[in-house]
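K.L.:
Just dropping this structure here.
Laboratory data are not the source of any read-out in this text; all were calculated from the coordinates shown. Since the model is a prediction, treat every value here as computed from it, not as a measurement. All Cβ positions, even for glycine, are placed from backbone atoms using ideal geometry, and neighbour counts span all protein chains on display.
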Amino acid sequence: MRKIVHLSDLHFGRIDAALVEPLVEAINEAQPTLVVVSGDLTQRARTHQFEEARAFLDRLPKPQVVVPGNHDVPLYDVFERFARPLDKWRRYISEEVEPVYEDEEMVVAGVNTARSLTRKYGRVNEQQVAHLRERLCNYPDEVLKVIVTHHPFDVAEGADEREIVGRAQMAMEALAACGADLLLAGHMHVSQTGRTAERYKIEGHSALFVQAGTATSTRGRGEANSFNVIRLKHPHIQVERRVWQPDGGAYARANAETFRHTHGRGWERLPEEVAAGITFDEVGTGLQPHVPE
């Protein structure tokens, strides 16, 4: 079993400070295999905001896969924005803007979708997709293949589709050939889970896309602060959402969805009555799914 804590859109510089300690405690108590942060660690890419983000990351479990978001590129310093857009990121967060984590059960590849020209919106290019294929395609189907971006590959019905990462169709077709399983993103400050087959009609393939809400920002867009706990054990994935409860002063489980990989159709959500019969018992490092006969 592998367990990923997925959080996003921290926005140091515009956070609810009361959430930081409970969030650190909740993440450490979850004992994840990997912590994933899908961008926007800062509000305006200022030095003190990166310093605060660095101090926060230092208190979380390792290893970590952390990618930049559009807010991590300077907005008002035009020279920095175009000449050295991620200089502070490399100084305070990581020299690597597209980190990779690999073990015998999963490979998790980060992709930088932030761009100086597009400001709010993001893109992937052919070179990035080629690098992803080099990292993912050599793994067998049993190894879960996870891609982390800031900008999402899908949005909720009625949302601005310009928020979808640019060149998404090209990327999805290439990644489908590698058997991509799970796409983690943020950006929208809204939690969402769905199947890529609803938007991308690629025969025989459907990955999962999972967006995290904002973990600490005061800009919740009508949704409480939250993060995801994702349990992975082929052929099952469980996505649990943990939401800030001000009355209790803690992040608590709000809901969980369970998915199963099926031949020819990819990842499909299990009905509640079926998911209820699958127990995820954490024994040591192992997730033990049990499906009643």
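K.L.:
On alpha-carbon atoms, Rg over Rh for the chain using Kirkwood Rh? Numbers along the way, then the final one.
P.N.:
Working: Rg = 18.1 Å, Rh = 19.1 Å.
Ratio value, two decimals: 0.95.
K.L.:
A further question on this structure: Show the residues, 5+ positions off or on another chain, whose built amide H is closer than 5 Å to the amide H of residue 39.
P.N.:
9, 67
K.L.:
Given the -39500 (n - 2.57) contribution per DSSP H run of 4+ residues, what per-residue ellipticity at 222 nm results for the chain, rounded to the nearest 500 deg cm²/dmol? All intermediate terms of the calculation are to be shown ahead of the outcome.
P.N.:
Values: 7 runs with 59 residues, N = 293.
Helix-only estimate at 222 nm: -5500 deg cm²/dmol.
K.L.:
Let me ask something additional. Using only C-alpha atoms and all pairs of different ones, pull out the Kirkwood radius for segment 115-227 in Å with one decimal.
P.N.:
With all distinct Cα pairs of segment 115-227 included, I get 14.7 Å.
K.L.:
Which of 185, 224, 252 moves the most in a Gaussian network model of the chain with Cα springs under 10 Å?
P.N.:
In the Gaussian network model the winner is 252.
K.L.:
Over segment 1-41, what number does the Rg to Rh ratio reach, with both radii from the alpha-carbon atoms and Rh per Kirkwood?
P.N.:
Result: Rg/Rh = 1.00.
K.L.:
Considering just Cα atoms, how many Å³ per residue does the convex hull of segment 107-149 enclose?
P.N.:
Convex hull volume per residue, Cα atoms: 62 Å³.
K.L.:
Please find, in a Gaussian network model of the chain (springs between Cα atoms separated by less than 10 Å), the residue of 167, 123, 242 whose mean-square fluctuation is greatest.
P.N.:
In the Gaussian network model the winner is 167.
K.L.:
Give the residue from 220, 71, 111 lying farthest towards the positive end of the charge dipole for the chain; charges sit on Cβ (+1 for Lys and Arg, -1 for Asp and Glu) and the dipole is referred to the Cα centre.
P.N.:
Checked the options; the winner is 71.
K.L.:
Please find, in a Gaussian network model of the chain (springs between Cα atoms separated by less than 10 Å), the residue of 205, 187, 48 whose mean-square fluctuation is greatest.
P.N.:
In the Gaussian network model the winner is 48.
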